[in-house]
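Values in this text are rule-based calculations from the coordinates and carry no lab data. Every value quoted in this text rests on a predicted model; they were computed, and no experiment measured them. Cβ sites come from the backbone with ideal geometry, for glycine too, and all protein chains shown count toward neighbours.
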Amino acid sequence: MSVHLSQQGAGAPSNILERVRQCAASVTRYPLDILTGDAQLEDELGIDSVKLAEIAAVVGREFNLPPERLPRGGKARTLGAIAGLVTEVLGESSAVPARVVPVPVPAPPTVVPVASAPRAGPELEARVRAVFARVTRYPEDLLTLDADLEDELGIDSVKQAEVMAVLVKELGLGEGPKPAVRPRTMAAICEAARALMPASAPLVAPRAAAVHVAPAPLPLRTDLPFAGKVALVTGSGKGIGRVIATRLARAGATVVVNSFHSREDGEKTTRDIVEAGGKALHLWGSVAQEEHLERMFSTLVEQLGGLDFLVCNASNGLIGPFDRISPRDWDKAFRTCITGTYECAMRARPLMAARGGGSIVTMSTSMSQRYMHDLGCQGVVKAGVESLTRYLAAELAPEGIRTNCVSAGPVHGELLGMFPDARERVARWESATPGGRLCTADDVADVTELLLGPKTQRVNGAIWVVDAGLSGTVDGLLPAARPS
Ligand SMILES: NC(=O)c1ccc[n+]([C@@H]2O[C@H](COP(=O)([O-])OP(=O)(O)OC[C@H]3O[C@@H](n4cnc5c(N)ncnc54)[C@H](OP(=O)(O)O)[C@@H]3O)[C@@H](O)[C@H]2O)c1
C-alpha cells in the first residue's frame, strides 16, 4: 500500500509539515512564517537549487529517509510537497500513521528499512568534521554541519577540494556519480559520502583542533605612543588591514590580527610583527558570524585583558554591475560590513568603557557618496557604514569612546586588480585625480593612526575622506565611453 498526496501536501500530518518547515528555516534562516506549505520554493521564496539540495539533505536526516527517496524535482517544489513525500515514505515503512488517501499500486516499491539507511551517522559526521578541522585548522566546535562552507565558514573551493581528497582517502570512498551540485555543507558531504562508503569502512576518533598563536612575551616599550594599548584590526592578514596592523604595532600597541578566508595571511602578518619586535596575537574568525566573534572576543580578553582600539577594516562586497549582484551578495556584504562592524563595536564597548574609553575607526569608500562603475554593492553598503559610524559616535560617547570613519578612494593593491579592465581604469582614475596619484595603504594607515590617537580627542562621528581628491572631480568614475 502506498499513499497519494497532492502537490501542496494536503494529506501530510501537520507535525511533519512543521518539522519540514523547521528544516527549511535552519538552512535558509528565513522566518518560519514565510515558509508556508504551498509557497513555491524557487520562484516565490527565491531558494536556489543549491539550497534546495541542502534542505533535502536536512529533511532526509531529520526523517531518516533513504538517499534515493530524498525530495527532488516536483517533490521538492514546495514544503507541502516535501512533507507529502516524507509522509509517503514513512507510510511505506508503517512508521507514522498519516491522514492519507490510499491508492492501489501495481507493485510495492522497494523500501530501504529506515534503521539501515544512514550507515554510521554520528560517527561519519564526527569523522568528516575532524578531517575538516585538521585540514582547515578551524576549531571543531565552529564547524557546524549545516553551516555553508564558503559563505559562513570561509572555506573556499580550493580548501574544500583539499579536504575532499583527504576524506576520499581516509574513508575509502568508492567511485560514484558526481553530485549535480557541489555540496555546500558538511551535512551534504556526509550524505554523499554515505552512498559511496564501503560497508566495513573503519571510523577512527577525530584529532584535536588547532590552537591560536600566542602573543610573544616582549618587554613593554613605554616610549612609544601606543605603548600599553591593545588594538584589534579586523581583516588584517593582508591588504590595507595588514598595513594598519603593522603600523599600530610599530607605535607600540599589542595588535590583534584577525583573518578569516586567508588564515595563513593572518598568521604570517602576526609572525612578521613579532619578528620585527612588536606584539601580536592572531585570531581566526568571521566578523559576520556571531559565534566566531563570541570566541574571538573571549580569547582576546583571556589573553590580553581588554581593548583600547578597534579598526573595523574587514569588508566583503561583489565588484560588478547591478545585474550581477545577487541577494546573497548583498547579504554577505551587509553582514560583513554593517552587522560585523556593529557587533565588533558592541563587544568592544564594555571593554573600552572598563578602561575609561577607547577609539573605533570604521572603513568606508569615498564612492559611497558618488557613482563608480562596478562599485554599487560596496558603495551602498559603505554608505551604511558611514551612517552607523555617526550613530555609534553618539551612543558610545558617554563611555569615552570615539567612533570615526576613514573613507578611502581607490588604493593600489589586490582589490583594484579585481575590477574588469583594471589597468585601464586605474590609469583613468589616476589621470582624474588632482596630483595624478592614487592613495596608498600607508596614506590610509596614517589617517587611521591619527584618528585612533590622542591628537584627535575632539573628533567624533567624522568621515574623513582619503582619496587624493578623486571624489571631488567629475572624470574617471563612469565606464569608459564606448566607441560610436
Ligand atoms: N583597496 C581599496 O581600493 C579600498 C578603497 C576604499 C575602501 N577600502 C576599504 O578598506 C578596507 C580594506 O580594503 P582592502 O582592499 O585591503 O581589502 P578588501 O578586499 O576590501 O577586504 C578584505 C579584508 O577583509 C577580510 N574579510 C573579508 N570577509 C571577512 C570576514 N567575514 N571576517 C573577517 N575578515 C573578513 C579579508 O580577510 P580574509 O581573506 O582573511 O577573510 C581581507 O583582509 C575595506 O574595508 C575596504 O572596503 C579599500
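Below, the figures for the structure above:
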{"quantity": "Sites VAL168 and ASP141 - FRET efficiency at Förster radius 22 Å, r taken between beta-carbons, to 0.05", "calculated": "0.30"}
{"quantity": "Cut-off 10 Å between beta-carbons: net charge of the residues surrounding SER236, Lys and Arg +1, Asp and Glu -1", "calculated": "+1"}
{"quantity": "Which of THR78, THR270 has the fewest Cβ neighbours within 10 Å, and the rest in rising order", "calculated": "THR78, THR270"}
{"quantity": "Hz values of 3J(HN,Hα) by residue in region 449-465 - Karplus curve (6.51, -1.76, 1.60), Gly and Pro given as x", "calculated": "4, 5, 5, 6, x, x, 6, 10, 3, 9, 9, 8, x, 8, 10, 9, 7"}
{"quantity": "In sequence order, calculated HN-Hα J values of region 429-443 (Karplus, 6.51, -1.76, 1.60; Hz; x Gly/Pro)", "calculated": "5, 4, 6, 8, 8, x, x, x, 10, 6, 6, 10, 4, 5, 4"}
{"quantity": "Residue pairs, from the table LYS169/LYS268; LYS159/LYS279; LYS75/LYS169; LYS229/LYS382; LYS268/LYS382; LYS238/LYS455, whose Cα atoms sit over 32 Å apart", "calculated": "LYS75/LYS169"}
{"quantity": "Backbone HN-Hα couplings from phi across region 78-83 [Karplus 6.51/-1.76/1.60, Hz, Gly and Pro as x]", "calculated": "9, 5, x, 5, 5, 4"}
{"quantity": "Which of PHE226, PHE334, PHE322 has the fewest Cβ neighbours within 10 Å, and the rest in rising order", "calculated": "PHE322, PHE334, PHE226"}
{"quantity": "Extension gain, LYS455 back to ARG271 (0.36 nm per residue minus Cα-Cα distance, nm)", "calculated": "63.3 nm"}
{"quantity": "Given charges at Cβ of Lys, Arg, Asp, Glu: region 419-465 dipole, positive-most of ALA427, CYS439, ALA462", "calculated": "ALA462"}
{"quantity": "Interchain or long-range residues, amide H under 5 Å from VAL233's placed H", "calculated": "VAL256, ASN258, VAL311"}
{"quantity": "Ordering of 148-160, 257-269, 405-417 by burial proxy (mean other Cβ atoms within 10 Å per residue, highest first)", "calculated": "257-269, 405-417, 148-160"}
{"quantity": "Simple spin-label estimate for SER26 and SER14 in nanometres, 7 Å along Cα-Cβ", "calculated": "2.3"}
{"quantity": "Residue order, fewest to most surrounding Cβ atoms within 10 angstrom, among TRP464, TRP284, TRP330", "calculated": "TRP330, TRP464, TRP284"}
{"quantity": "Two-site FRET efficiency, ASP156 against TRP330, from Cβ-Cβ distance with R₀ of 22 Å, rounded to 0.05", "calculated": "0.60"}
{"quantity": "Length added when fully stretched, ASP38-LEU416, from 0.36 nm per residue minus Cα-Cα", "calculated": "131.5 nm"}
